[in-house]
Amino acid sequence: MDERAIVERAQSGDVDAFGRLLREHQPAALRLAYAITGHAGDAEDAAQEGFVNAWRALASFDLDRPFRPWLLKIVANEARARRRWSGRRRRLHSRLAESAVARKHRAESPEGMVIDGQMVERILEEIERLPEVDQIALKLRYFAGMSTAEIAESLDEPAGTTRSRLSRATRKLRERVTAERDQASSQASVWRKPANEHEPT
């Protein structure tokens with residue numbers, strides 16, 4: 001049974017069909033909620049509340065549109081609201097970037113972003129400094145594993161706009177992180193002893 005048929009059954013009130021949809025998309029929803037909130041408990045709460053909201057709004061879902069971007073957009077909105085309500089700005093843990101899906105999408109990323117394990121936390125901090133819509137786009141791409149078309153659907157904007165947004169945000173992120181890494185390397189070199197310098201006797 002294809003997903004459209006399952007959604008149709010869920011729209012008719014079939015709770016089991018809706019549960020099947022949630023099982024399929026729950027991992028991506030949790031990754032996305034965690035990427036936004038930075039806290040496991042908040043992420044679980046946001047995902048669960050997002051699923052409840054999705055169930056309530058399911059009757060209005062357009063069957064001609066893909067289901068996953070619609071669901072993840074609802075979860076993202078709930079996660080963003082929960083982050084604002086709680087006032088939490090905790091750092092995202094590096095283990096998120098070490099998950100299998102993160103490794104997969106780093107390897108396949110057309111932007112070619114190379115993430116050093118020691119720089120992961122810094123990169124995530126820099127993401128938080130970007131405009132909120134750019135943050136969401138990057139998190140949907142790298143943590144939820146969504147395609148450009150799916151992200152555009154979630155952000156309700158043309159695919160070309162999303163493609164430009166991702167490219168611009170990734171470039172800005174790379175420039176910031178590279179500049180900081182180079183500065184740290186330069187500072188460290190000051191303390192290096194020249195090769196021809198010997199200890200005093």
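The values are calculated or read from the model by the stated rules, or taken from the named source; none is laboratory data. On a predicted model such as this, the values are computed, not experimentally measured, just so you know. With ideal geometry, Cβ positions are generated from the backbone for all residues, glycine too; neighbour counts draw on all protein chains shown.
I need the full set of residues from the stretch 34-56 which are more than 17 Å from GLU128 (Cβ to Cβ), surrounded by fewer than 22 Cβ atoms within 10 Å (Cβ to Cβ) and not polar (S, T, N, Q), in order please. Selection gives ALA40, GLY41, GLU44, ASP45, GLU49, PHE51, VAL52, TRP55, ARG56. Restricting attention to the stretch 140-171 and to residues that are within 15 Å of the chain's Cα centre (by Cα) and in a loop (DSSP other than H, G, I, E, B), the residue that is surrounded by the most Cβ atoms within 10 Å (Cβ to Cβ) turns out to be ALA144. Taking the conditions exactly as written (at pLDDT 80 or above and in contact with an Asp or Glu (Cβ under 7 Å, 6 or more places away or on another chain)), does ARG165 satisfy them or not? Judged against the criteria, ARG165 is a match.
Close contacts from the stretch 110-137, counting a first residue that is within 21 Å of ALA76 (Cβ to Cβ) and hydrophobic (A, V, I, L, M, F, W, C) and a second that is surrounded by 11 or more Cβ atoms within 10 Å (Cβ to Cβ) and at pLDDT below 60, with Cβ to Cβ under 7 Å and a gap of 6+ residues or different chains, come to ILE123/ILE115; LEU124/ARG91; LEU124/LEU92.
Name the one entry in ARG95, ARG84, ARG31, ARG91 that is at pLDDT below 90 and touching a Gly at 6+ places or on another chain (Cβ under 7 Å). Break it down stepwise before answering.
Details: ARG95 fails: touching a Gly at 6+ places or on another chain (Cβ under 7 Å); ARG84 fails: touching a Gly at 6+ places or on another chain (Cβ under 7 Å); ARG31 fails: touching a Gly at 6+ places or on another chain (Cβ under 7 Å).
Just one listed residue meets the conditions, ARG91.
One residue alone among ALA149, ALA144 is within 15 Å of ILE36 (Cα to Cα), modelled with pLDDT of 50 or more and hydrophobic (A, V, I, L, M, F, W, C), and that residue is ALA144.
Here's the yes/no breakdown for (1) assigned by TED's automatic domain parsing to the domain that holds PHE143; (2) within 22 Å of ARG141 (Cβ to Cβ); (3) out of contact with any helix residue (DSSP H, G or I) (no Cβ under 7 Å at 6 or more places or on another chain); (4) of a type outside the set (Lys, Arg):
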{"site": "ARG20", "(1), (2), (3), (4)": "no, no, no, no"}
{"site": "LEU30", "(1), (2), (3), (4)": "no, yes, no, yes"}
{"site": "ALA59", "(1), (2), (3), (4)": "no, no, no, yes"}
{"site": "ARG82", "(1), (2), (3), (4)": "no, yes, no, no"}
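Starting from residues that are small (Gly, Ala, Ser) and under 17 Å from the mean Cα position of the chain (by Cα), keep the ones in the stretch 42-73 and report whichever is farthest from VAL7 (Cα to Cα). Step by step, filter the stretch 42-73, then rank; the result is ALA43.
Here the condition is being of a type in the set (Asp, Glu) and at pLDDT below 50; of GLU125, GLU108, it holds for GLU108 alone.
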